[in-house]
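Below is one structure, written out as structure tokens, with a few remarks after it.
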Amino acid sequence: MEHESNIDNSSMNFLRKDALERLEWNKLTKYLSEYSISPHTKTQLLQLDPWLDASERDFFFVTTAEMLDLTTQGNNLTLEAFDLEMFEKPLKRGALLSPHALFQVLIVVRLCHILQAFFKFERSRAQRFPKLYELILELKPQVNLCAKLQKSVDIEGHILSSASTELHSARSRLENAKRRIVEHLEDILRKQEVKNAVQDSVWMLRDGRYVLPVRADRKGDIDGIPRGVSQSGSTIFLEPHALAQQHTQLEKAQSDVEIEEQRIIKELSKDCYLVCEDIINSSDILTKLDNISARTRFAGAIVGTKPKFLNANEKTKRFSLIEAKHPLFLLEKKKCVANDLELKPQKENHISPKIWVLSGPNAGGKTVAMKTVGMTVLMAKAGLFVACEKAEILDYENIFVELGDRQNREEDLSTFSGHLSQIKKVTEAANEFSLILLDEGFVGTDPAIGVAMARATLELFAEKNATVIITTHFSNLKTLADGDPRFYNGSMEFEPHKLLPTYKVLSGIPGQSYAIELAERMGLSKDIISKARQYYGNESQRMENILRDLQLKRIQIKEELSQQAELSKNLESELKALKHEREKLSELRNDLVDGYRAKLQKRLNAYENRLDIRERQFEKQKESFLKDLRNEHSENINTIENIGSQSDDSSAVNKYTIPTKEIQSRDSSKPQKLSGFDALAGLKLPKKKKNEEEKQFTSLDERAQKFRAPRHMSTRSLLDEAKESLELLNDSFDDIESNLEDDIHSLEDLENSTKNKAKKAKETAQTIQAQGRTADHWQVGMKVKSSKFKDNGTVLRSADGKGNVECQFGIMKVKIHFHELSEIDDQISKAQNKTIKINGKSKNKTQLNSQKKFTNIQDHEIPPTLQHSGNTINLRGKTVDEALDKLDIELDKMSRLEVDRVVIIHGHGMGKIKESVRKFLEDASYKLKFRAGRQGEGGDGVTIVEFEN
């Protein structure tokens, strides 16, 4: 909402228009419009008014930021140029649209479909770019109309023959009529009397009529109708009477074509008129998207950032533009120095100055700095990103500019009077939401009077709380900031030694004009320079010297600060590197300790596991040994009882009784048979001497090797070894940590050896299972089965040199060793091949057909479908198996993404993939309809699929 001012609307409009002209706003909008693609969008941006309302401005800020983010991810919106003016007015009136206008409508409806598919195909985009998604949801894609227009018109404005069968037939008749006329003319030209009468043996097309160029003196030799004469009069263009019938047929065919084209145009225009409102609304949204796209590209060109608007109060900064650059310098590829342009409170809780007095040398950059502030404010008000690293400004309602020469001979205005006229209008319109730019204010008159008027005017602007930037060379204006907090000094840096400007803005200090120094550098007469310094006066010269010394000291301090900053940066970098190294060493130490602990714990656990295993083995052998003893004792008792029953002679008992001494005299190295459990208690295992043990086993691994494979030892030896192993473990427990590594390797070798033996045993079993069949037994076409696959298979290729046979199990082609194959008979194979797996259970086709509740059929009424990356499955260049695998995966994915219609591209070729795809679709578990593609969609080389709900 604009605040009140003492000026009428015409004067306000003049001031606004004048500000745009002085700040060269039209140049910026010209660059901006070049980033759009549609002609009506370019016109909008060329006429862009920077004074947008807050809601529209914020909308462009948010959408530009979203599109910038989208662009940086490499996902640009697909936009295409269209001319709204070509179809907007006739469409609203319901008039016939030209073929060119119909093609522009086609672009609109096609873009609607593509843009909505772009967001719907990947749902996460809708969450990351909500404003763009909300805008695109307002589009109204007309799929049927789009398909109809796509097959009816082209970019050249022609009606395509595919628009209707009648048009195709009429054009065929027209071409045939033309061909017959040409053939007849060529037959006529072959006649000798005709060759003698014509200028050249060629026929011509003149005003739509087929004629022969006949010499004027021989026109009677050919029977025909004159259709014209050459400029020289020596040639008459005759239409032979023999072509009369063909011309009649040609005209009729031409008339049929024109009638059918008009009918198609009328029908298409009616279809567009029925959805006129949707098309116009969609066109407006596409124009807005083009506008946003142009703003986004413009922001990228100037490396722009989003500005922040501030609420006005006494302590609020007026503007703060960090690393600001003039956008036109960037767009024109000119050298541009970035500056911090700020007018803000100098201390906390202080009020902000309102008047920025900018001084410095001529051609030092004062006007450019002032224009940069003005242009940045205009861009922010227009919803454009600004050429700053960070930008904060008051939400100004107006910018008033007094810049350049106001001299006007027609209105009898001098330079100064024109300047005063503009100042009068500005003082009447100024308020707290005004930004006023004054370049060299109040020059062109007596300097003393100019200073007085300038000071009075600036104080009036300060009372109205307006923001003012004034560039000046008046020394008295530079001193206002010393006693009045409403004023603030700034100057353009100048290198006193080289007498060259640096174009850097210095805040808080006034600047010298360096007029005499510049004149001296430009080669002005030394006498003039000397007298000028003399006339300038000692006091003024002293003031200039003070300012110059201040500038030198500031440059020196700036260099020292830069060196200190660089040194601090290096120290921080080194400190950061040392911290990083310390953290890495600490992590490495912890990793080493943890790794050692884990390794030691792993070894101890492995050793304990081995002890448990050995203990269980010993217990098992002990139980087996005791069981053998029990069985043997029972046999001895039964034998004695049998003998006693046959004879009561005591001598018979003695005959089979083993004398005690004889038992004791037996060799102790042989296993003894015990006659009862009492003898077991007195059993003493033989002990080997220590020196014999050391000779037999020279290391811990060798001494432990025997009990690692107890199955090779006798029962008694096992018990002996158990006792010895327990003693050995007690003696060597302190050496566990050093010997764990060797034990682990030994166990790994044993495990590998066992695996190899198992593998050889398995191969032997497979050989036996093969029942003597060699690799040559398996021939192409044989039905086979394997334990690795549940389905039966077929041999595709006989065995290679390694014995691998190539087979197909279901849709899989694999090479499998012939030992793993077994042959099945044909009847079983046929029955099993009918088996199909459903949800992990096998069912034959009869069961499947009885359970399937629907059959996918071809439906030629499926609407036309546009291809895009989100709904297309490309199977070209693949085998049948590869194509069906990919088709299954992609259909599942698109079903989950809720894609309505899918385009499957399989091409023509030999037709195998096409047949396999459509057979697959008939038996697919998805409920769907499908049809072959139409003209404009890819024909029979594609298949269109529509999922049913």
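Here are some notes:
- Residue within the stretch 763-770 that is modelled with pLDDT of 75 or more, over 26 Å from S916 (Cβ atoms) and outside the structural domain of K886 (by TED's automatic domain parsing) present: no
- Matching residues in the stretch 294-327 - criterion: being of a type in the set (V, I, T) and either surrounded by 17 or more Cβ atoms within 10 Å (Cβ to Cβ) or closer than 30 Å to A466 by Cα (or both): T296, I302, T305, T316, I322
- Identity of the residue in the stretch 895-931, of a type in the set (A, V, I, L, M, F, W, C) and in contact with a His (Cβ under 8 Å, 6 or more places away or on another chain), that ends up surrounded by the most Cβ atoms within 10 Å (Cβ to Cβ): I913
- Residues satisfying the stated conditions in the stretch 29-51, i.e. of a type in the set (D, E, K, R) and outside any loop (DSSP other than H, G, I, E, B): K30, K42
- Of the residues making up the stretch 411-425, those that are more than 14 Å from G450 (Cα to Cα) and either modelled with pLDDT of 80 or more or in contact with an Asp or Glu (Cβ under 6 Å, 6 or more places away or on another chain) (or both) are S421, Q422, K424, K425.
Listed here are the residues, each with its yes/no results for (1) in contact with an Asp or Glu (Cβ under 8 Å, 6 or more places away or on another chain); (2) farther than 19 Å from D187 by Cα; (3) in contact (Cβ under 8 Å) with a residue 24 or more places away in the chain.
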residue: G208; (1), (2), (3): no, yes, no
residue: K219; (1), (2), (3): no, no, no
residue: A244; (1), (2), (3): no, no, no
residue: A253; (1), (2), (3): no, yes, yes
residue: E260; (1), (2), (3): yes, yes, yes
residue: D278; (1), (2), (3): no, yes, yes
residue: I285; (1), (2), (3): yes, yes, yes
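- Qualifying residue in the stretch 509-517 (condition: modelled with pLDDT under 80, of a type in the set (F, W, Y) and outside any strand (DSSP E or B)): yes
- Filtered by the rule that a residue be modelled with pLDDT of 85 or more, in a loop (DSSP other than H, G, I, E, B) and within 11 Å of V357 (Cα to Cα), the stretch 452-485 gives a lone residue, T472.
- Every condition in (1) touching a Cys at 6+ places or on another chain (Cβ under 8 Å); (2) within 16 Å of E258 (Cα to Cα) is met by L139 except one, and the failing one is (2).
- Checked against (1) more than 16 Å from I114 (Cα to Cα); (2) surrounded by 15 or more Cβ atoms within 10 Å (Cβ to Cβ); (3) among the polar types (S, T, N, Q), T879 passes all but condition (2).
- Within the option set D18, D58, D49, D69, being of a type in the set (D, E), in contact with a strand residue (DSSP E or B) (Cβ under 8 Å, 6 or more places away or on another chain) and in contact (Cβ under 8 Å) with a residue 60 or more places away in the chain holds for one residue only, D18.
- Residues being at pLDDT 65 or above and surrounded by fewer than 11 Cβ atoms within 10 Å (Cβ to Cβ) - total across the stretch 526-567: 16
- Each residue in the stretch 936-947 was checked for being among the acidic types (D, E) and either part of a strand (DSSP E or B) or not assigned by TED's automatic domain parsing to the domain that holds L875 (or both), and 1 of them qualify.
- Cross-chain or 6+ apart pairs with Cβ under 7 Å, the stretch 902-931 first and farther than 13 Å from L875 by Cα and of a type in the set (D, E), then modelled with pLDDT under 80 and exposed (fewer than 12 other Cβ atoms within 10 Å of the Cβ): E922/T855
- Residue in the stretch 283-293 that is assigned to a helix (DSSP H, G or I), surrounded by fewer than 22 Cβ atoms within 10 Å (Cβ to Cβ) and more than 31 Å from the chain's Cα centre (by Cα) present: no
- Residues in the stretch 426-447 that are part of a helix (DSSP H, G or I) and either crowded, with 19+ Cβ neighbours inside 10 Å or of a type in the set (K, R) (or both): V426, A429.
- Once the stretch 52-91 is narrowed to residues that are more than 28 Å from the chain's Cα centre (by Cα) and part of a loop (DSSP other than H, G, I, E, B), the residue that is nearest to S38 (Cα to Cα) is D83.
For every residue, the table says whether it meets (1) buried (at least 16 other Cβ atoms within 10 Å of the Cβ); (2) among the aliphatic types (A, V, I, L, M).
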residue: Q73; (1), (2): no, no
residue: I136; (1), (2): yes, yes
residue: V143; (1), (2): yes, yes
residue: C146; (1), (2): yes, no
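- Of all residues in the stretch 332-349, those that are assigned to a loop (DSSP other than H, G, I, E, B) have Cβ atoms under 8 Å from Cβ atoms of residues that are modelled with pLDDT of 90 or more and polar (S, T, N, Q), 6 or more apart or on another chain, in K344/S320.
The values are calculated or read from the model by the stated rules, or taken from the named source; none is laboratory data. Only a predicted model underlies this, so the values are computations on that prediction, with no experimental measurement involved. Heads up, the Cβs are rebuilt from the backbone with ideal geometry, glycines too, and the neighbour counts pull from every protein chain shown.
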